[in-house]
Amino acid sequence: MINDLINCMLNYAFDNHIGFELVSLKPDMQSFTIKGHNLIIVNLNWHNRNEIPFQIAHEISHIMNSDNLILYKSKSCKYKLSYEHNADLKALKLLIPMYLSRIEYTINNIYPLMEQLAIPKRLTNEAKQIASKYIQAAN
């Protein structure tokens, strides 16, 4: 399932004119964005493979949100948190429907979905809202 989601996210990037390069870096080096080139670098050697689809969705989101990565690299935590949270939210909106379209799932408990997709716990409420909306719309 994870490989399928990785492929789906990469296809989504391609369909949206976002390039990607698949690399094998150190297991603790996260995927990242080169915005000026609309390019994401995906570390397939990341220590938790289940996190890779969310990482790809997150990096796609930085590009689609037109995040100003110059401000992002500034010392101001305010800019970093804002960009990161917005990228996380858009990543959830991309990844959760993609995942739910491939399985049968009820929203009685969001934690198995979050565990399977390695979604950070800080995004529990947002993940539940997005999954609920998707399931309600599908029914």
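The values are calculated or read from the model by the stated rules, or taken from the named source; none is laboratory data. Computed from a predicted model, the values in this text were never measured in an experiment. So basically every Cβ, Gly included, is an ideal-geometry build from the backbone, and we count neighbours across all protein chains shown. Ligands, DNA and RNA are excluded from the accessible area calculation, which covers all protein heavy atoms including side chains. Shrake-Rupley method; radii C 1.70, N 1.55, O 1.52, S 1.80 Å.
Residue-wise test of (1) hydrophobic (A, V, I, L, M, F, W, C); (2) open to solvent by 20 Å² or more (accessible area, probe 1.4 Å); (3) without any contact (Cβ under 8 Å) to a residue 40 or more places away in the chain.
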| position | (1), (2), (3) |
| --- | --- |
| Thr33 | no, yes, yes |
| Ile40 | yes, no, yes |
| Asn43 | no, no, yes |
| Ile60 | yes, no, no |
| Ile63 | yes, no, no |
| Asp67 | no, no, yes |
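Of all residues in the range 1-20, those that are closer than 13 Å to Asn50 by Cα and open to solvent by less than 60 Å² (accessible area, probe 1.4 Å) have Cβ atoms under 9 Å from Cβ atoms of residues that are in a helix (DSSP H, G or I) and among the hydroxyl-bearing types (Ser, Thr, Tyr), 6 or more apart or on another chain, in Leu5/Tyr99. Would you check if Asp88 is of a type in the set (Asp, Glu), under 24 Å from Ile40 (Cβ atoms) and at pLDDT below 90? No: the conditions fail for Asp88.
Could you list all residues from the range 18-53 that are hydrophobic (A, V, I, L, M, F, W, C) and in a loop (DSSP other than H, G, I, E, B)? Correct list: Ile18, Leu25, Met29, Leu44, Trp46. Quick one: in the range 116-133, of everything that is without any contact (Cβ under 8 Å) to a residue 60 or more places away in the chain and open to solvent by 70 Å² or more (accessible area, probe 1.4 Å), which residue is farthest from Glu51 (Cα to Cα)? Ranking the candidates gives Lys133 first.
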